[in-house]
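Everything on this sheet refers to the single structure shown next.
Just so it is clear, none of the values below were taken in a lab; they were calculated from the coordinates. As the structure is a prediction and not an experimental result, all values here were calculated from the model. Quick reminder, even Gly has a Cβ in these numbers, built from the backbone with ideal geometry, and neighbours come from all protein chains shown.
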Amino acid sequence: MAGDREEVHDSPTGWVNEHIRRYVESNGANGHQWRGVNTLLLTTRGRKSGKLRRTALIYGRDGDRLLVVASKGGAAKHPAWYLNLTANPDVEVQVGADHLEATARTATPDEKPALWRVMTSIWPAYDDYQALTDRDIPVVILDPA
């Protein structure tokens with residue numbers, strides 16, 4: 001997805017940006033664990049800018065697949081990273097020291113209930129976030145390439 005020299009733009013949100021910086025500088029040693037849960041770094045291609053965008057997200061697993069939730073804390077609109085991957089599903093993921101390419105897709109209505117339970121067992125606040133918004137918060141499946 002990214003050329004070795006292509007600049008990656010990290011989340012502009014201060015604490016997320018700091019988390020990403022620590023994660024990258026330590027190759028995942030400092031940042032993979034956050035508040036007692038595992039996090040990954042997801043890099044998407046901006047749907048409007050074409051630039052690479054990176055954020056840190058809590059993740060779960062379903063077999064070989066990684067799972068993330070497009071919650072944005074229960075905001076009314078989807079997070080930008082989710083809109084980006086719906087436009088271009090080819091993403092890069094860093095899990096600890098491991099770097100991989102993946103294809104992202106939204107869980108289907110049939111898949112979502114079981115995957116939602118996986119994610120709320122890791123971060124119960126996802127249920128609270130869903131209660132705050134009228135939008136259906138997506139679960140995203142990251143299939144390693």
Item to check | Under 5 Å, built H, 5+ apart or other chain: amide partners of D62 | outcome: L67
Next on the checklist: Only sites in a loop by DSSP and with at most 13 other Cβ atoms within 10 Å count here; which chymotrypsin sites (Phe, Trp or Tyr not before Pro) in the stretch 20-72 make the cut?
Outcome noted: none
Next on the checklist: With +1 on the Cβ of every Lys and Arg and -1 on the Cβ of every Asp and Glu, and nothing else charged, how large is the dipole of the chain about its Cα centre, in debye rounded to the nearest 20?
Outcome noted: 400
Next on the checklist: With θ taken as phi - 60° and the coefficients 6.51, -1.76 and 1.60, list the Karplus ³J(HN,Hα) couplings across the stretch 88-96 in order, rounded to whole Hz; mark glycine and proline as x.
Outcome noted: 9, x, 7, 10, 10, 9, 10, 10, x
Item to check | Within the stretch 1-95, GluC sites (Glu not before Pro) in DSSP loop having at most 12 other beta-carbon neighbours inside 10 Å | outcome: E6, E7
Checklist entry - Where does the charge balance sit around A102 when Lys and Arg score +1, Asp and Glu -1, over other residues with C-beta under 9 Å from its C-beta? => result -3
Checklist entry - Using the Karplus equation 6.51 cos²θ - 1.76 cosθ + 1.60 (θ = phi - 60°), what ³J(HN,Hα) coupling, rounded to whole Hz, does each residue of the stretch 115-125 give in order, writing x for Gly and Pro? => result 6, 4, 5, 4, 6, 6, 6, 8, 9, x, 5
Checklist entry - Where does the charge balance sit around P144 when Lys and Arg score +1, Asp and Glu -1, over other residues with C-beta under 15 Å from its C-beta? => result -4
Next on the checklist: Please check: in the Gaussian network model of the chain (C-alpha springs, under 10 Å), which one of R65, R35, R135 has the largest mean-square fluctuation.
Outcome noted: R35
Checklist entry - Per Stokes-Einstein, at 10 °C and 1.306 mPa s, what whole-number D in µm² s⁻¹ belongs to the stretch 8-144, with the Kirkwood radius over Cα pairs as the hydrodynamic radius? => result 106
Next on the checklist: Which residue fluctuates most in the GNM of the chain (Cα springs below 10 Å): W81, W116, W15?
Outcome noted: W15
Checklist entry - Ranked by Cβ crowding within 10 angstrom, fewest neighbours first, how are S71, S121 ordered? => result S121, S71
Checklist outcome for this item: Once phi for every residue in the stretch 66-77 is put through the Karplus expression 6.51 cos²θ - 1.76 cosθ + 1.60 (θ = phi - 60°), the whole-Hz ³J(HN,Hα) values, with Gly and Pro written as x, are 9, 10, 9, 10, 8, 7, 6, x, x, 4, 5, 10
Item to check | Residue of D110, D62, D90 that the Gaussian network model of the chain assigns the largest fluctuation, springs spanning Cα pairs under 10 Å | outcome: D110
